[in-house]
Amino acid sequence: MLGCDIDMAKLKSILGMGVYGLPEAARLARVHTSTARRWYVGGSGHTALLSASIPRVNGRTAISFLDLVDLLVVGQFRSAGVSFQTIRRAYGILQRRFDTAHAFSHRSLLTDGHTILVEYMNELGDDHLEDVITGQRAMPEILREYLKEIDYDDATNLAKQWHVASGVLIDPRRNFGKPIVPSGVSTSVIYSSAKGNNNDYELVADLFGISTESVRDAVIFEQELAA
């Protein structure tokens, strides 16, 4: 929980943004909690890379859905072999280019494992890839590794929802951004109910008015998340 002393104005300002503590966000983005904390809070002589959209409460850091996607993307860049220095430089450049604090939540990003690329359309309507750091063009037919799990808003080009696992969705406008099955039921609630009913998926499906497949998806997701 974020604490009991948060005022109503702050509460209203974060509704629809999704709210995640750093341990929870780290599990969802599949990075270590200490890594997520270092990227958002800093430490050991390193300044923070990312900035949380949600004010700290009682000394605790919580992040929004777009912050979570930024965390996911940084983690994927690092896994692909992109250096932290390149990520930091590209982040600043893209914040100015896209005029958003959530530069890594933008739909146009790709990587080749060495640098960060941005896709754009020229005046003739042709797609091109450009190295964020050098401005040089890349070959789009060679480098095209999209974050296929993310749906983007057509108006803002920023992340709108995340298909975090098969049959499981994260949408900041629903259930405070917690993982849900398509009908809107929390995966954690489904999982708890399944455990309490000896994994009788048909019974749990009847209780929540969902399919047994959704129950199975929720259980698998929560088990993998816990692991």
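Assorted remarks:
- So residue 213, is it over 30 Å from residue 102 (Cβ atoms) and touching a Ser or Thr at 6+ places or on another chain (Cβ under 8 Å): no
- Region 85-110 residues that are closer than 18 Å to residue 153 by Cα, paired with ones that are charged (D, E, K, R) (beta carbon under 7 Å, 6 or more apart): 102/70; 104/70; 105/70; 108/119; 110/119; 110/144; 110/145
- Residue 89 surrounded by fewer than 18 Cβ atoms within 10 Å (Cβ to Cβ), charged (D, E, K, R), more than 13 Å from the chain's Cα centre (by Cα) and not assigned by TED's automatic domain parsing to the domain that holds residue 177: yes
- Single residue of region 37-67 satisfying the filter (in contact with a Ser or Thr (Cβ under 9 Å, 6 or more places away or on another chain) and part of a helix (DSSP H, G or I)) that is farthest from residue 88 (Cα to Cα): 65
- Failed item in (1) assigned to a loop (DSSP other than H, G, I, E, B); (2) surrounded by 17 or more Cβ atoms within 10 Å (Cβ to Cβ), with residue 162 passing the rest: (1)
The values are calculated or read from the model by the stated rules, or taken from the named source; none is laboratory data. The structure displayed is predicted, hence computed values, not measured ones. Heads up, the Cβs are rebuilt from the backbone with ideal geometry, glycines too, and the neighbour counts pull from every protein chain shown.
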